[in-house]
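Participant: Structure provided below as structure tokens; questions to follow.
Every number in this text was worked out from the coordinates using simple rules, so none of it is lab data. In this text the structure is predicted, and so the values were computed from the model without any measurement. Neighbour counts run over all protein chains shown; Cβ positions are idealised from the backbone, glycine included.
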Amino acid sequence: MNRVGIYIHIPFCTTRCRYCDFYKVGYTYAREKDFVQAVEKELVCRSCEVQEYIVDSIYIGGGTPSLLSFESLDRILNVVNRCYSINLDDIEISIETNPVDLNRERINFYKFLGINRVSVGVQSFSECELKVLGRRENVANIMRVLEMLLDSEFTVNADFIIGIPGQKKNSIFSTLEVVKKLSPDHLSFYMLEIHKNTEFELLYRDKKLFFPTDEELAENYLLVSEFLESIGYEHYEISNFSKNGKRCRHNLKYWHFLPWLGFGPSAFSYFKEKYFYHPRSLSEYSQNPLAVKKSFPIGKKERTIMKLRTKEGIPVSEVALPWEKVSLLEESGYLTANDRIALTPAGWLLFNELLVYLDLI
Ligand code: SF4
């Protein structure tokens, strides 16, 4: 049977982090109720699209899914269970969380619902960096939450950011030492990007914060990669690391163009060789949860770009690249080219530049 993933976007946050451009609105209980009604409707209506498929991953992302009431989360997962084919012995069910929302009761409830992978927005183990980012946590609580999750035998992911204003090599190193001690199964280290219409964009433009230089970023990215590999993590995608084969099954679908359906405002789907997405508006979504903003086919270049994000890269037989340039990049240590072309961490660091050089964008 074919396999498919389900992504559900929970569009609520209680504060706005200074760097974030994900689609979200302020949380109220009334909004949550409207949203749950709409997403239930969408889940029921679209289930007929995948009658021939078995769902092997569910990813509840956001926004801040850990703000959802127990009742709402239960209702959403119930509809998925009722309307889709699921093999409960072989499914990854992930939820993104803000550590400040997690306590023993909520963690037990996630277990009860069958959630088996919890992703925690840590970002840094430096109090000062958390403040700069506009996060509402403190380091002691984040560590306590991670310990509780690991004790409860979830697969645990922790998200971090490289490139925080003021971040130096020694603070990255301190964060990595805490990572080593706690040893979560999976880690994501994202390079900070300055997005339009965020507070960081204004601060960057007005030179009110000191962002790390390109050299510092490069040094920190390679430090993270080397350190984590040295303590047993596999650097399997530009920003992702896993231990003991705990790669994220759901996210692998994005990089390998395996089908998934996205539910909720702003959610993307990839199905039957096409990308499509919902409008970034909760009110529009609540009125018509089946409205699709745009649909476009995926070509060879898009597939190559996504596959180059992964450690496995892409088979030589599947790509037509300028081979002289590929050889030069190989000599310089940016990629390996045997039966597959795969970027090295040094290549990932210059990902966009290399895509331009290889005429992929
Ligand atoms: S980073 Fe996460 S918690 Fe912060 S505003 Fe964005 S979606 Fe909300």
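Participant: Summing Lys, Arg as +1 and Asp, Glu as -1, what charge do residues with Cβ under 15 Å from the Cβ of residue 213 carry, residue 213 excluded?
Facilitator: That works out to -1.
Participant: Which of 254, 221 has the fewest other C-beta atoms within 10 Å, and how do the rest follow up to the most?
Facilitator: 254, 221
Participant: Using only helices, what value at 222 nm comes out for the chain when you add -39,500 (n - 2.57) per DSSP H run of length 4 or more and divide by the total residues, to the nearest 500 deg cm²/dmol?
Facilitator: It lands at -12000 deg cm²/dmol.
Participant: Taking the Cβ of residue 242 as the center, what net charge do the other residues with Cβ under 10 Å away carry, scoring Lys and Arg +1 and Asp and Glu -1?
Facilitator: Taking every Cβ under 10 Å from that of residue 242, the sum is 0.
Participant: What is the distance in Å between the Cα centres of the range 156-185 and the range 310-325?
Facilitator: Between the Cα centres of the range 156-185 and the range 310-325 lies a distance of 32 Å.
Participant: Could you tell me the extents of the chain's C-alpha atoms along the three principal axes, largest first, rounded to whole Å?
Facilitator: 55, 47, 42
Participant: Cysteines of the chain lacking any other cysteine beta carbon under 4.7 Å?
Facilitator: So, 13, 45, 48, 83, 128, 248.
Participant: First check a/c for the range 300-361, with a ≥ b ≥ c the square roots of the eigenvalues of its C-alpha gyration tensor; if it is under 1.5, answer rounded, and if not, answer prolate when a/b is larger than b/c or oblate otherwise.
Facilitator: rounded
Participant: Further, regarding this structure: How big is the antiparallel share of DSSP beta bridges in the chain, given as a percent to the nearest 5?
Facilitator: 35 percent
Participant: Would you kindly state how much longer the chain becomes between residue 78 and residue 353 on full extension, computed as 0.36 nm times their sequence separation minus their alpha carbon distance, in nm to one decimal?
Facilitator: Contour length minus Cα-Cα distance gives 94.5 nm.
Participant: Starting from the Cα-Cα distance between residue 136 and residue 105, subtract it from 0.36 nm times their residue separation and give me the gain in nm to one decimal.
Facilitator: This chain segment gains 9.1 nm when fully extended.
Participant: Spin-label point model (7 Å from Cα, Cβ direction): what's the residue 325 to residue 37 distance in nm?
Facilitator: 5.3 nm
Participant: Compute the Cα gyration tensor for the range 1-63, then decide on rounded, prolate or oblate, letting a ≥ b ≥ c be the square roots of its eigenvalues: rounded whenever a/c is under 1.5, prolate when a/b is larger than b/c in the other cases, and oblate in all that remain.
Facilitator: It is oblate, given that a/c is not under 1.5 and a/b is not larger than b/c.
Participant: To continue, here is another question. Give me the net charge for the shell around residue 332: Cβ to Cβ below 15 angstrom, other residues only, Lys and Arg +1, Asp and Glu -1.
Facilitator: Summing Lys/Arg as +1 and Asp/Glu as -1 gives -3.
Participant: Here's a follow-up. With each label point set 7 Å from Cα along the Cα-Cβ vector, what nm distance links residue 182 and residue 143?
Facilitator: 1.0 nm
Participant: Let me ask something else. What is the calculated FRET efficiency for residue 30 to residue 293, with r their C-beta to C-beta distance and R₀ = 22 Å, to the nearest 0.05?
Facilitator: Between residue 30 and residue 293 the formula returns 0.35.
Participant: Let me ask you something else. Between residue 45 and residue 361, with labels modelled 7 Å along Cα→Cβ, what's the label distance in nm to one decimal, could you check?
Facilitator: 3.3 nm
Participant: Sticking with this one: Please work out whether the range 246-361 counts as rounded, prolate or oblate from its C-alpha gyration tensor, where a ≥ b ≥ c are the square roots of the eigenvalues and a/c under 1.5 means rounded, while otherwise a/b larger than b/c means prolate and anything else oblate?
Facilitator: Here the range 246-361 falls in the prolate category.
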